[in-house]
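Note sheet for the following structure.
Since every read-out is calculated from the coordinates, none of them should be taken as a lab result. Here the structure is a predicted model, which is why all the values come from computation and not from measurement. Methodologically, a virtual Cβ is constructed for each residue, glycine included, from the backbone with ideal geometry; neighbour enumeration extends over all protein chains shown.
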Amino acid sequence: MLYVTVELMQKGFVFMRYILVVILIAAVVVFVLFKNHKGTQPVITANFIDLEKVEKISKFRSCQGHIVVPQDESETRRNMKHYVVLKPEFFGGGKAEIYSPIDGVIKSIGERPEKGLEGEIWLGNANNDWDISIQHLFILPNLTEGQKVKAGQKVGMAADKGIDVVYGIGAKEVKMIEGYQSPYSALDSIFNHASAAVLTEYEAKGVLLADLMYSKEFRDQNPCMLEGNGSQLNDHDHPEDWAMLHE
């Protein structure tokens, strides 16, 4: 009888260890999946630019410009930001206002002249790692890091021919990927997080959500090519890479 009791206890300990291992593995999986995705991702409730001044927008995962990919290299040789190009009459800087697309806070403000960035502003929610980066703008001098902003609030002016827009998670350090110094842990299209009202503004210009991006499957099957040995992509003016806005 004692032998049976001991045997049952041993089986019970083995079962408990099994359960603990399963719980530990599940906890690790949850941590890995959500460590960079806490809270609710920012929803775009206002446009970041006056569409009357915009000529075209590059598609998410286009072959325009240079490589822009996440550090985990789950996607490679593509540009996962949007280039927003002004109509020629608004070239030259200071002719197109830039607005915060969300209610949130200013996460970061900076200039990187060595990267050709006149000004860059990161906007997001205090409890979330996903942010919006708007690049190539003259930032209003009264704005400071940590300051709250409202959707539709003016934050600057386009610096030259347009702006770059990124929806992503910034990494702690940059990682070199095929000549590109990636500062992003994750990337998505800002338009995947736009409200119906904002998307309606684009539809009025003849641009649907599907017109603003390529799927991962499409780009994986149709990879971008590099120009030389650097991170520059070689398909600079392919018309299919652009969503043209109409009057």
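Quick look at the numbers
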read-out: Protection-proxy order for peptides 84-90, 161-167, each taking the mean of Cβ atoms within 10 Å per residue, highest first; value: 161-167, 84-90
read-out: Gyration tensor (Cα) of segment 125-229, equivalent ellipsoid semi-axes in angstrom; value: 26, 22, 15
read-out: Gain on full stretching of the segment that runs from residue 222 to residue 91 - 0.36 nm per residue minus C-alpha separation; value: 43.9 nm
read-out: Segments 45-57, 191-203 sorted - mean Cβ within 10 Å per residue, highest first; value: 45-57, 191-203
read-out: Added length on full extension, which subtracts the Cα-Cα distance from 0.36 nm per residue, residue 215 to residue 178; value: 11.1 nm
read-out: For 40, 76, order by how many other beta-carbon atoms lie within 10 Å, fewest first; value: 40, 76
read-out: Extension reserve of the residue 240-residue 140 stretch, reckoned as 0.36 nm per residue once the Cα distance is removed; value: 32.5 nm
read-out: Efficiency of FRET between residue 108 and residue 208 - r from beta-carbon atoms, R0 25 angstrom, step 0.05; value: 0.20
read-out: Nearest-20 debye value, segment 51-244 charge dipole, Cβ charges on Lys, Arg, Asp, Glu; value: 340
read-out: Mean separation of Cα contacts under 8 Å (6+ apart) over length of segment 51-244, as relative contact order %; value: 29
read-out: Taking the convex hull of Cα positions in segment 51-244, its mean projected area over all directions (nm²); value: 10.8
